[in-house]
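Asks: First the structure, which I've put down as structure tokens, then a few questions once you've had a look.
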Amino acid sequence: MTQVEEDSMFDQWGGGIRDLCERGFMCHVVQEKKAFKLCLPFKPIQEDEAKLEMARRYFADFAPATVKDAMYFFHSTKAQVIDLLDKLPVRSVECGGKTYYYIENGKSYDKDIPDCILLAGFDQLMLGYQKAESLYLPQEYIRGIFNLAGIVMPAVLLHGNVVGKWKNKNGRLSVELFGSVCEKDKKAIISEAEKTWASLKRVEWIS
């Protein structure tokens with residue numbers, strides 16, 4: 001491989017690696033360190049069929065979601081989303097003046113949702129919904145998580161709502177809170193951090 005070919009393959013914007021991923025030949029390994037693996041063999045399907053299947057998975061696993069959420073997630077128009085909804089076995093529920101759609105997925109859960117969850121950067125819970133429609137991200141905190149450079153910060157989810165963002169460097173966890181948080185909830189954040197990182201040395205609060 002020549003230097004020019006190597007530079008093209010490993011270009012910082014994706015290069016050949018990105019092309020192989022987009023075509024379904026490679027995918028990321030689920031781990032902190034960046035690595036790739038070969039995808040399992042698959043049989044391509046028609047574009048319309050693929051879009052319908054992606055919409056089915058979205059409304060089964062990301063839902064409840066609004067039409068605007070789906071427009072944001074799929075980069076689609078309102079008419080395109082409504083057309084997909086018409087072809088899927090969705091149910092709807094009204095909440096806060098908005099209509100949410102979902103597909104029963106048959107899953108059941110025997111555990112309570114944790115008081116605190118430390119979301120990763122670019123977490124799907126943030127990316128799966130239109131920012132202005134999100135059930136989890138208060139509007140006044142949008143810029144704290146979605147910055148103007150296109151970075152989606154690691155969020156602190158407390159009782160189902162984003163209350164801050166975190167950064168862990170060399171065992172030192174910095175938690176920037178966007179508003180007031182009581183001592184009991186701070187202990188819940190610390191407890192979750194200790195479960196996540198066995199090597200955690202200290203927690204610093206930024207407000």
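Asks: Quick one: is Tyr129 within 12 Å of Val67 (Cα to Cα) and not assigned by TED's automatic domain parsing to the domain that holds Thr66?
Replies: Details: within 12 Å of Val67 (Cα to Cα): yes; not assigned by TED's automatic domain parsing to the domain that holds Thr66: yes.
Yes; evaluated as a whole, the condition is true for this residue.
Asks: I've got another one for you. Go through (1) part of a helix (DSSP H, G or I); (2) surrounded by 15 or more Cβ atoms within 10 Å (Cβ to Cβ); (3) within 17 Å of the chain's Cα centre (by Cα) one by one and return the number of the condition Tyr136 breaks.
Replies: (1)
Asks: Identify the residue in region 169-207 that is basic (Lys, Arg) and loosely packed, with under 11 Cβ neighbours inside 10 Å and, among all such residues, is nearest to Cys116 (Cα to Cα). Give the steps one after another, and end with the answer.
Replies: The first filter runs over region 169-207 and keeps only residues basic (Lys, Arg), leaving 169, 172, 184, 186-187, 195, 201-202.
Retained after the next criterion (residues that are loosely packed, with under 11 Cβ neighbours inside 10 Å): 169, 184, 201-202.
Numbers: Lys169: 20, Lys184: 11, Lys201: 19, Arg202: 18 Å.
Ranking the candidates gives Lys184 first.
Asks: Please go through region 50-62 and give me each residue that is of a type in the set (Asp, Glu) and within 11 Å of Lys87 (Cα to Cα), ordered by number. Quick ask: steps written out before the conclusion?
Replies: To start, the set of residues in region 50-62 that are of a type in the set (Asp, Glu) comprises 53, 61.
If the condition is that a residue be of a type in the set (Asp, Glu) and within 11 Å of Lys87 (Cα to Cα), then Glu53 is the only one that fits.
Asks: Taking region 139-152 as the search range and keeping residues that are outside any loop (DSSP other than H, G, I, E, B) and hydrophobic (A, V, I, L, M, F, W, C), which one is nearest to the chain's Cα centre (by Cα)?
Replies: Val152
Asks: Right, something else. Which condition from (1) touching a residue at least 40 places away in the same chain (Cβ under 8 Å); (2) farther than 28 Å from Glu192 by Cα; (3) in contact with a strand residue (DSSP E or B) (Cβ under 9 Å, 6 or more places away or on another chain) is the one that Asn105 breaks?
Replies: Answer for Asn105: the failing condition is (3).
Asks: Among (1) of a type outside the set (Ser, Thr, Tyr); (2) within 22 Å of Met126 (Cβ to Cβ); (3) touching a residue at least 12 places away in the same chain (Cβ under 8 Å), where does His28 come up short?
Replies: (3)
Asks: Okay, next question. Anything in region 161-178 that is modelled with pLDDT of 95 or more and assigned to a loop (DSSP other than H, G, I, E, B)? List them, or say none.
Replies: Answer for region 161-178, where residues must be modelled with pLDDT of 95 or more and assigned to a loop (DSSP other than H, G, I, E, B): just Phe178.
Asks: Moving to a separate point now. For the list (1) closer than 21 Å to Thr196 by Cα; (2) crowded, with 17+ Cβ neighbours inside 10 Å, I need the number of the one condition that Tyr141 fails.
Replies: (1)
Asks: Right, next: Check Asp61 against each of (1) of a type in the set (Asp, Glu); (2) surrounded by 13 or more Cβ atoms within 10 Å (Cβ to Cβ); (3) more than 18 Å from Ser134 (Cβ to Cβ) and name the one condition it does not meet.
Replies: All conditions are met except number (3).
Okay, residues lined up against (1) over 21 Å from the mean Cα position of the chain (by Cα); (2) surrounded by 13 or more Cβ atoms within 10 Å (Cβ to Cβ); (3) under 30 Å from Tyr100 (Cβ atoms); (4) touching a residue at least 60 places away in the same chain (Cβ under 8 Å):
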| residue | (1), (2), (3), (4) |
| --- | --- |
| Met1 | yes, no, no, no |
| Asp11 | yes, no, no, no |
| Cys21 | no, yes, no, no |
| Glu32 | no, no, no, no |
| Glu49 | yes, no, yes, no |
| Leu52 | no, yes, yes, no |
| Thr66 | no, yes, yes, yes |
| Tyr72 | no, yes, yes, yes |
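Asks: Please work out if Asp112 is loosely packed, with under 15 Cβ neighbours inside 10 Å, of a type in the set (Asp, Glu) and assigned to a loop (DSSP other than H, G, I, E, B).
Replies: Here the answer is yes, as Asp112 does meet what is asked.
Asks: Here are Gly96, Gly128, Gly121, Gly106: which of them is under 19 Å from the mean Cα position of the chain (by Cα) and surrounded by fewer than 17 Cβ atoms within 10 Å (Cβ to Cβ)? Show your work before the answer.
Replies: Numbers: Gly96 fails: under 19 Å from the mean Cα position of the chain (by Cα); Gly128 fails: surrounded by fewer than 17 Cβ atoms within 10 Å (Cβ to Cβ); Gly106 fails: under 19 Å from the mean Cα position of the chain (by Cα).
Selected residue: Gly121, the only one of Gly96, Gly128, Gly121, Gly106 that is under 19 Å from the mean Cα position of the chain (by Cα) and surrounded by fewer than 17 Cβ atoms within 10 Å (Cβ to Cβ).
The values are calculated or read from the model by the stated rules, or taken from the named source; none is laboratory data. This is a predicted model, so every value here is computed, not measured. Cβ coordinates were reconstructed from backbone atoms using ideal geometry, including for glycine residues, and neighbour counts include every protein chain displayed.
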